[in-house]
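Data first, discussion second: the structure below is written as structure tokens.
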Amino acid sequence: MARNARAKQLREYGLSVLEGARSEQVLRMARQVNAASYTSAREYAGRSLFELLQNGYDAHPRDRRGGRVHVLLDETEGEWGTLYVANGGMPFTWRDVERVCELAQSSKEVGEGIGNKGVGFRSILLISDAPEIYSADPDSPLGPELDGYCFRFAQKVDVEEFLAGEENSHEAAAKYPPLQAPLPLDDVPATCRHLAAQGYVTVVRLPLLSEAARAEVRLRMRELAGSKVPVMLFLDRLAGLTLERRAAGGEAGELDDCREAHERYELTRSEDGFAVAQDGTGHELPVSCATVDLGSAGTFLIVRGTVEKERLNSTLAEAVGCGLLDDTWQEWKRSAVVEVALPPHADRDAGRSTPSCRWLRTRPRRSRGT
């Protein structure tokens with residue numbers, strides 16, 4: 001599908017969504033979605049950048065081990081700076097477009113990636129009210145151009161313009177929910193083109209809302225760069241995460257509290273599996289092990305055990321029956337994986353090491369080709 005055809009598809013869909021603002025019944029529902037959107041965003045306060053990283057990770061196929069995500073905070077662009085989060089996974093499909101515009105919907109199957117509830121993306125509303133998405137052609141993702149679904153979301157001014165001349169246009173625009181109606185973008189910004197030339201296929205561009213939003217992004221980038229439990233530890237689809245910040249010359253840096261106009265951190269990950277010793281009866285233990293090299297963050301031992309689908313399903317069914325999880329969790333189709341990571345240095349005084357754990361992280365089982 002040519003880019004012009006995708007732009008037309010976006011425009012027609014976006015205008016059809018905006019058409020609902022003419023209906024008082026739909027508008028009442030829109031007000032509720034508006035309130036729910038910001039409630040969801042506040043519940044994810046402090047997680048905007050991590051949610052974007054999760055989405056970038058999940059965009060890579062499950063069997064991918066060489067994926068990349070690039071986070072760039074350009075404080076020289078716009079009044080308060082602009083955040084870019086690019087990934088080298090799979091480009092946006094039409095299904096992805098529809099789901100990102102719907103509250104609590106996701107194109108990912110339960111258990112397919114880290115996130116699946118479809119609300120984490122709304123956390124960006126705390127740092128930006130004008131997000132843009134630029135993605136490569138899903139039918140030809142290897143090209144260096146972002147010529148697929150490129151769009152922004154209708155804002156209040158767009159709703160007012162759409163309802164121009166109608167009595168309630170201002171009120172409807174004030175209560176219309178964000179991230180609801182996609183509108184095509186014709187031009188790809190220079191930074192997005194530069195990231196695409198490096199092999200990234202989707203770029204989320206966020207002009208920041210305020211000085212507080214910029215400070216929030218700085219803080220979260222510093223946390224990602226220096227977390228005691230390295231952020232790349234369990235992100236097995238990624239080989240690299242770039243954290244980059246551009247600031248006006250002479251401005252104090254935030255990632256390592258030094259003074260420089262350009263900061264860049266490269267976090268890397270490589271993994272090597274190895275055989276597990278047999279138990280005393282000659283049977284292999286039901287776990288797999290691997291060493292994970294995180295570069296300057298050290299080398300970790302990861303032990304993985306599988307929770308079979310039948311056992312997992314019975315546990316999920318019990319949780320759904322008690323109201324602790326919603327029905328969508330019963331759509332989980334794979335075995336779950338429990339992972340325990342041991343840090344490079346044991347606590348010798350205590351005679352033990354303290355593991356980092358991540359529960360119910362799913363991947364297809366190795367016997368099925370991963």
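The values are calculated or read from the model by the stated rules, or taken from the named source; none is laboratory data. In this text the structure is predicted, and so the values were computed from the model without any measurement. All Cβ positions, glycine included, derive from the backbone under ideal geometry; neighbour counts span all protein chains shown. Side chains included, ligands, DNA and RNA excluded: accessible areas come from the protein's heavy atoms. Shrake-Rupley method; radii C 1.70, N 1.55, O 1.52, S 1.80 Å.
For region 137-216, the share of accessible area belonging to carbon and sulfur comes to 48 percent (1.4 Å probe, ligands and nucleic acids excluded).
A Förster radius of 35 Å combined with the Cβ-Cβ distance from R42 to T299 puts the calculated FRET efficiency at roughly 0.35. Can you work out the PRE-style zone for L142? Point 7 Å along Cα to Cβ, and I want the residues of region 39-75 with backbone N under 18 Å. The answer is 61, 64-68, whose backbone nitrogens lie closer than 18 Å to the label point.
For E171, the accessible surface of its heavy atoms amounts to roughly 100 Å² (probe 1.4 Å, protein chains only, rounded to the nearest 10).
Once you put a point 7 Å from the Cα of V340 and another 7 Å from the Cα of E310, both along the Cβ direction, what distance in nm separates them? Each label point is offset 7 Å from its Cα along the Cβ direction, giving 2.5 nm.
Given a Förster distance of 45 angstrom, what is the FRET efficiency for T93 paired with A275, based on the Cβ-Cβ distance and rounded to 0.05?
Result of the calculation: an efficiency of 0.70.
Using θ = phi - 60° in the Karplus curve 6.51 cos²θ - 1.76 cosθ + 1.60, the 3J(HN,Hα) couplings for region 169-182 round to 4, 5, 5, 4, 5, 5, 9, 6, x, x, 6, 10, 10, x Hz; x is entered for Gly and Pro. In this rough spin-label picture, where each label sits 7 Å from Cα along the Cβ direction, the A174-E331 distance is 3.7 nm. Between A197 and L219, the C-beta separation translates, for a Förster distance of 25 Å, into a calculated FRET efficiency of about 0.25.
Applied to region 14-30, the Karplus parametrisation 6.51 cos²θ - 1.76 cosθ + 1.60 on θ = phi - 60° returns per-residue 3J(HN,Hα) values of x, 5, 5, 5, 5, 4, x, 5, 7, 9, 4, 5, 5, 5, 5, 5, 4 Hz, with x for Gly and Pro. Gain on full extension, evaluated as 0.36 nm per residue between T291 and V157 minus their Cα-Cα distance, stands at 43.0 nm.
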